[in-house]
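Notes follow once the structure below has been shown.
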Amino acid sequence: MLKHLRLVRPLAVIDLETTGTRPGVDRIVEISVLKLLPDGESIHKTRRLNPGIAIPADAMRVHGISDAAVAEMPTFDRVAAGLLEFIDGCDLCGYNLQRFDLPMLLAEFTRAGRDLCLTGRAIIDPLAIFHEREKRSLGDAVRFYLDRDHDGAHAAEADVIATVAVLDAMLERYDDLPRDVATLHELLRDPDEVDVSGKFRRVNGEICFRFGSQKGKSLQAVLVEAPDYLQWILASDFPDDTKAVVRTAIQASVTASSGSDFDGQGPLS
């Protein structure tokens, strides 16, 4: 299926349909995973899920999945263990994976009491290539790279198939792109990005905000000047890894202030 990308381990191509775009609040209603193996074989699994909450009309208009269609489907926690086993040892790929699907998936695993470990996994998002080279959507990418309409848009199974085809066509078109997953991952990865959803970024060695009223300020400065803002983040609907960045900064500050003196008499001599 992939003609221009070398695989040394399985690549799991993932697409989700959800009740909305907020990982802390919304839920997955359909997941499709196409596992591409280094030997050229592939395994494709698609599953609808009962989100446990009502599917908003706006979301239903996008993907066409109604409450009735998933009423008898399992909830995410019922399939979490099997999904982790299926993608174990896989690098990950998906269109808009880093900004949408991956934060949503991480949140669902957390709620299910499971951990999707990303350490050692390459993450390939064709959207990053597309935005870098052409700056459009998946439907436009299909038309641009494959010269056809994207039939079945916003159906998870059709989207993962289109993602693979677009990625492969990108590699054929841009002969300067790496042909192996690890190197392509390094090319696409922002070395200064701190969290998956990109709320923070390192600037001159400091972690800085990329959103909201504190955009452009360092996390350390906000910790001193507006600590309530950090508490608001922890109490609000932000991805778990974004909150972890804040918690780590707060804990480091507490440790530094309480641990600077061993006995309250100044530094050890």
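In table form, for the structure just shown:
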read-out	value
Those residues of the range 23-39 which are touching a residue at least 12 places away in the same chain (Cβ under 8 Å) and within 30 Å of His4 (Cα to Cα), in sequence order	Glu30, Ile31, Ser32, Val33, Leu34, Lys35, Leu36, Leu37, Pro38
Yes/no for Ala235 being modelled with pLDDT under 90, more than 21 Å from Thr119 (Cα to Cα) and among the aliphatic types (A, V, I, L, M)	no
Every residue from the range 193-214 that is surrounded by 15 or more Cβ atoms within 10 Å (Cβ to Cβ) and within 18 Å of the chain's Cα centre (by Cα)	Glu193, Val194, Asp195, Val196, Ser197, Gly198, Lys199, Phe200, Arg201, Arg210
Selection count, the range 94-134, where residues are closer than 16 Å to Asp168 by Cα, surrounded by 20 or more Cβ atoms within 10 Å (Cβ to Cβ) and of a type in the set (Asp, Glu)	1
Per-region count, the range 47-97, residues of a type in the set (Val, Ile, Thr) and on the phi > 0 side of the Ramachandran plot	0
Qualifying helices (runs of 4 or more DSSP H) (wholly inside the range 120-194; at least 3 residues being under 23 Å from Arg9 (Cβ atoms) and touching a His at 6+ places or on another chain (Cβ under 9 Å))	156-173
Hey, Asp147 surrounded by fewer than 16 Cβ atoms within 10 Å (Cβ to Cβ) and at positive phi or not	yes
Hits in the range 215-244 - residues which are buried (at least 16 other Cβ atoms within 10 Å of the Cβ) and either assigned to a loop (DSSP other than H, G, I, E, B) or on the phi > 0 side of the Ramachandran plot (or both)	Lys217, Phe238, Pro239
Filter pass, Ile43 being buried (at least 18 other Cβ atoms within 10 Å of the Cβ) and either out of contact with any Pro (no Cβ under 6 Å at 6 or more places or on another chain) or assigned to a loop (DSSP other than H, G, I, E, B) (or both)	no
Boolean, Glu157 is assigned by TED's automatic domain parsing to the domain that holds Val29 and closer than 21 Å to Leu37 by Cα	yes
Single match in Asp168, Asp147 (criterion: of a type in the set (D, E, K, R) and modelled with pLDDT under 95)	Asp147
Failed item in (1) surrounded by fewer than 14 Cβ atoms within 10 Å (Cβ to Cβ); (2) part of a helix (DSSP H, G or I), with Asp77 passing the rest	(1)
Only listed residue being in the same structural domain as Ala153 (by TED's automatic domain parsing) and closer than 30 Å to Ala182 by Cβ, chosen from Gly52, Gly40, Gly64	Gly40
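The values are calculated or read from the model by the stated rules, or taken from the named source; none is laboratory data. Because the structure is a prediction, the values reported are computed rather than measured. Note: ideal-geometry Cβ built from the backbone for every residue, glycine included; neighbour counts use all protein chains shown.
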